[in-house]
Structures are given as C-alpha cells and as structure tokens.
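Reading through the structure tokens given below for one structure.
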Amino acid sequence: MVNFQIRNVIEADFIQISHIAEKCKPMTIMNNSTYHIFTKHFKNTSFVVEDIDGNLIGFLLGFISQNNPKEGYIHLLCIDLKLRREGIAKNLVKNFIKTVSDKGCKKVVLVTKPQNKISIKFYNKMGFIPYKSNQIVQIEDMDVFKDYDGPGEDKIVLFKLI
Ligand SMILES: CC(C)(COP(=O)(O)OP(=O)(O)OC[C@H]1O[C@@H](n2cnc3c(N)ncnc32)[C@H](O)[C@@H]1OP(=O)(O)O)[C@@H](O)C(=O)NCCC(=O)NCCS
C-alpha cells in the first residue's frame, strides 16, 4: 500500500504534470500550455497526488462547466505507471466528485477513447455510464460517438450523477 496525499495544484506543478503525462498513453498528450492553464486557472478543481517524499505521482485536471455550472468535467487523469492499481485514481476521482458536488454540481462528465479499455474499465467501476444519443454507433459493444472530436476522433462520453 502506497502512502500518498492529494492536494490542489499550484501553478508551478505544470512542468512535473507534463513529465508524468508523457507516460500516460493512450491518454492524449497535450502541449505544456494546456497543463499550465489548468494549474493557473483551474486550481480549485485540479489536483495532484504526492508520495511521502513530495514527488508527484499522479494528477487529475478538471473544471466546472461555465455553461452548465451543475456539471463537472474531468479533462485528464493519470497515475505514474509504477503506482497503478493502488487505488490512487479512485481517490482522486472521489475527491473531485466531492469538490464539485460541494460547489453545486449534480453530474460529472468525461470523454475517453474507445481504445483506452483500462480507462473505460476504471470509470465503469467508479459508476460512470455511457451517454446514449442518436449519434452513437455500437463498436465492440461500446457506445461510440463517431468523429466526436473531429474526423477519425471517435470518443466515448461517460457520466455519473452525483
Ligand atoms: C486509468 C488510470 C488513471 C487508473 O489509475 P489507477 O490508480 O491504477 O486506478 P485504481 O487503482 O484507482 O483502480 C480502481 C479500479 O479501477 C479498475 N481498474 C483500474 N485499472 C485497471 C486495469 N488495468 N484493468 C482492469 N481494471 C482496472 C479496477 O476495478 C480497480 O479496482 P481494483 O484494483 O480494486 O480491482 C491509470 O491506468 C492511468 O493512468 N492510465 C493512463 C492514463 C489514462 O488513460 N487516463 C484516463 C483517460 S484521461
């Protein structure tokens, strides 16, 4: 069992976040500027995990929708490869849900790639379910939004009522 603690991001975290993110495939790797925006402008809903020596071992970057303040959105979630299956992501997501729920959210939403089977298993285990819509096609028994993020970028949209 790993000892870890969750805290809100500070601006300087974005460099270390980008180092962890490099090893987070199949999660989409972003430009550093994206991580920087989250650590600068979404501090209240973005978190890092530290080990007992203060090393960053994971992160969750999220926000509350400006258009629908009752909806929280998880943009990126990743745990250091060596420390997976220790319940760290579960704790991060629970922490995010509690945070946005306290701010009035009733739902948490996220988008993942159909090929990211581990992420889908993880979020299903956390109680997230796929959105249904007439834009959805069934691929390998999954509810997939074709071209959700542009041509060829199919995605699964998952949500959980909180
Ligand atoms: C998805 C991810 C964040 C899960 O992190 P984690 O800390 O290993 O997850 P947890 O230990 O909290 O897992 C909680 C539950 O999710 C499920 N789960 C997690 N990883 C799993 C795997 N590899 N295979 C099957 N089920 C898995 C299990 O039910 C697990 O509970 P259990 O270990 O008691 O069986 C991690 O694999 C990761 O960083 N992946 C790369 C980045 C990514 O794809 N992020 C998500 C898309 S943005």
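Just so you know, all these numbers are worked out from the coordinates, no wet-lab data involved. Everything quoted here is computed from the prediction, not taken from an experiment. Because the Cβ atoms are built from the backbone with ideal geometry, glycine has one as well, and the counts that use them run over all protein chains shown.
Label-to-label distance for ILE29 and ARG84 is 1.6 nm, based on points extended 7 Å past Cα in the beta-carbon direction.
Give, as a single signed number, the net charge of other residues whose beta carbon lies under 14 Å from the beta carbon of ASP147, with Lys and Arg counted +1 and Asp and Glu -1. Local charge sum for ASP147: 0.
Karplus-based coupling profile of region 50-57, in residue order and whole Hz: 10, 7, 5, 8, x, 7, 6, 10, with θ = phi - 60° in 6.51 cos²θ - 1.76 cosθ + 1.60 and x standing for Gly or Pro.
Note that region 148-162 has calculated 3J(HN,Hα) couplings of 3, 9, x, x, x, 9, 5, 9, 10, 9, 10, 9, 9, 7, 10 Hz, one per residue in order, obtained from phi through the Karplus relation 6.51 cos²θ - 1.76 cosθ + 1.60 (θ = phi - 60°); glycine and proline are x. Cysteines of the chain lacking any other cysteine Cβ under 4.7 Å from their own Cβ: CYS105.
The value of relative contact order for the chain, using C-alpha pairs under 8 Å at least six residues apart, is 19 percent. If only the Cβ of Lys and Arg carry +1 and only the Cβ of Asp and Glu carry -1, the dipole of the chain around its Cα centre is close to 520 debye. Taking Cβ atoms as reference points and 11 Å as the exclusive limit, the residues near CYS105 contribute a net charge of +4, counting Lys and Arg as +1 and Asp and Glu as -1. Derived scalar couplings between HN and Hα for region 94-110 equal 4, 5, 5, 4, 4, 4, 6, 5, 4, 9, x, 6, 10, 8, 10, 10, 7 Hz in order, rounded to whole Hz, by the Karplus curve 6.51 cos²θ - 1.76 cosθ + 1.60 (θ = phi - 60°), x for Gly and Pro. Over 5 Å intervals from 0, what percent of Cα-Cα pairs in region 102-147 sits in each interval? Pairs per bin, as whole percents: 5, 18, 28, 24, 14, 6, 4, 1.
Taking a sphere under 12 Å around the Cβ of SER46 and counting the other residues whose Cβ falls inside, with K and R at +1 and D and E at -1, yields a net charge of +1. Working note: Cα atoms of the chain, range along each principal axis, descending, whole Å: 48, 33, 32. Amide hydrogen proximity for HIS75: with H placed 1.01 Å from N in the peptide plane, the residues at 5 or more positions away or on another chain lying under 5 Å are LEU61, GLY62, PHE63.
Between region 54-132 and region 1-30, what is the C-alpha centre distance in whole Å? Cα centroid to Cα centroid, the span is 13 Å.
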